[in-house]
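Engineer: Please find one structure pasted underneath; my questions will follow.
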Amino acid sequence: MRIAILADIHGNVLALDAVLDDLKRRGGADLTVNLGDCVSGPLWPRETMERLEALDLPTVRGNHDRRVAVDPADDTMWPSDRYAQERLTAEQREALLALPFTLEIVPGVIAFHARPDHDEKYLADAITDGQLVRAPLATIRRRLKPLDPACRIVLCGHSHRSELIRIPGGPVIFNPGSVGCPAYDDSTPPAHVSEQGSPHARYGIVELDVPGRPDRFEAFAVDYDHEAAARQAEQAGRPEWAHALKTGFMSD
């Protein structure tokens, strides 16, 4: 079985289309899974939502999907969530809120956005000197405890950092990176940034149950018109998003 993994699209329909085209060139997949944070951001939330509605992918709810669904918006709503919230229909916001927290894709393969018990805390990451880095193995093991011991593969996003970690005696964790948002800053204490280091759109493919071969994990970085995405962010008054989309970094 060949499973394509998308995560953290963040309203970047140009990046999403580039990923889907690249996947098609590589022979497609038996199943494509979306790990959430679909539309939040100063780009094309309505267009992205419409594209995803047409695709009807198995999708888990991200923290920003939950936040975008708040109605009416209030002063505590983050700007990227507000931008998306104002451009979606009530039905689209309700659909985001109704997404499941976790999905069992096939037996032993579990998908969620961030952690098995929380949609806004990191699974495989720690914050060091204001940057996301890989967390210690003991920390990751502790965060995995809510999972069924039979789980052999974990699919997650949230950090926007591509990761492949085989836990000794435990599951493989696969984060494909972000389709549409290559860097971000988070002011929630402790404040930090996540930086993929290039503007490419990221996604992954997992191949399961191939006779005579172990499970295979591949991460891909796809070029697309990131300059057009950056211009859209600039027009929305978000120069920091524009810089991230152009470079994959939050600052020079």
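The values are calculated or read from the model by the stated rules, or taken from the named source; none is laboratory data. Not measured: the values here are computed from a predicted model. Because the Cβ atoms are built from the backbone with ideal geometry, glycine has one as well, and the counts that use them run over all protein chains shown.
Engineer: Only one of these conditions is not met by A126: (1) in contact with a Cys (Cβ under 7 Å, 6 or more places away or on another chain); (2) farther than 26 Å from Q232 by Cβ. Which number is it?
Structural biologist: So the condition that A126 fails would be (1).
Engineer: May I pose another question? Restricting the first residue to the stretch 214-228 and requiring it to be at pLDDT 95 or above, which pairs with a second residue that is hydroxyl-bearing (S, T, Y) meet a Cβ separation below 8 Å and a spacing of at least six or different chains?
Structural biologist: A219/S162; A219/Y203; F220/Y203; A221/S198; V222/Y203
Engineer: Can you name the residue in the stretch 46-75 that is touching a His at 6+ places or on another chain (Cβ under 7 Å) and crowded, with 21+ Cβ neighbours inside 10 Å and is also farthest from F101 (Cα to Cα) among such residues?
Structural biologist: Going through the stretch 46-75, the residues touching a His at 6+ places or on another chain (Cβ under 7 Å) turn out to be 60-63.
Adding the requirement that they be crowded, with 21+ Cβ neighbours inside 10 Å leaves 60-62.
On the way: V60: 5, R61: 5, G62: 8 Å.
Looking at residues that are touching a His at 6+ places or on another chain (Cβ under 7 Å) and crowded, with 21+ Cβ neighbours inside 10 Å, I get G62.
Engineer: Still on this structure, please answer the following. Name the pairs whose Cβ atoms lie under 8 Å apart, with the first residue in the stretch 235-250 and under 19 Å from R161 (Cβ atoms), the second part of a helix (DSSP H, G or I) and of a type in the set (S, T, N, Q), and 6 or more positions between them or separate chains?
Structural biologist: Pairs found: W241/S80.
Engineer: Have a look at D186, D215 and point out the one that is surrounded by fewer than 20 Cβ atoms within 10 Å (Cβ to Cβ) and under 21 Å from L43 (Cβ atoms).
Structural biologist: It is D186.
Engineer: Can you tell me which residues in the stretch 56-86 are free of Cβ contacts under 8 Å to residues at least 60 places away in the same chain, within 30 Å of E104 (Cα to Cα) and not in a helix (DSSP H, G or I)?
Structural biologist: Of everything in the stretch 56-86, those that are free of Cβ contacts under 8 Å to residues at least 60 places away in the same chain, within 30 Å of E104 (Cα to Cα) and not in a helix (DSSP H, G or I) turn out to be D56, L57, P58, T59, V60, R61, A69, V70, D71.
Engineer: Sticking with this structure for a sec: For the stretch 108-144, how many residues are outside any strand (DSSP E or B), in contact (Cβ under 8 Å) with a residue 40 or more places away in the chain and either closer than 17 Å to C38 by Cα or out of contact with any helix residue (DSSP H, G or I) (no Cβ under 7 Å at 6 or more places or on another chain) (or both)?
Structural biologist: 6
Engineer: Out of the stretch 138-185, which residues are more than 19 Å from the chain's Cα centre (by Cα) and of a type in the set (G, A, S)? Step through it out loud before you land on a result.
Structural biologist: First pass over the stretch 138-185, keeping only residues more than 19 Å from the chain's Cα centre (by Cα): 138-139, 141-142, 145-152, 166-171.
Across the stretch 138-185, the qualifying residues are A138, A150, G169, G170.
Engineer: So, in the stretch 228-252, exactly how many residues are of a type in the set (K, R) and in a loop (DSSP other than H, G, I, E, B)? Full working, then the answer.
Structural biologist: Pass one, the stretch 228-252, residues of a type in the set (K, R): 231, 238, 246.
Pick out the ones that are also in a loop (DSSP other than H, G, I, E, B) and you get 238.
Counting residues in the stretch 228-252 that are of a type in the set (K, R) and in a loop (DSSP other than H, G, I, E, B) gives 1.
Engineer: Which of the residues that make up the stretch 114-173 are crowded, with 19+ Cβ neighbours inside 10 Å, of a type in the set (A, V, I, L, M, F, W, C) and more than 27 Å from D185 (Cα to Cα)?
Structural biologist: I153, the sole residue that qualifies.
Engineer: Restricting to the stretch 207-238, and then to whatever is acidic (D, E) and within 24 Å of K24 (Cα to Cα), can you tell me which residue is farthest from the chain's Cα centre (by Cα)?
Structural biologist: Within the stretch 207-238, the match that is farthest from the chain's Cα centre (by Cα) is D209.
Engineer: Same structure, new question: Identify, please: which residue in the stretch 33-51 is polar (S, T, N, Q) and not in a loop (DSSP other than H, G, I, E, B) and is, among those, nearest to I3 (Cα to Cα)?
Structural biologist: N34
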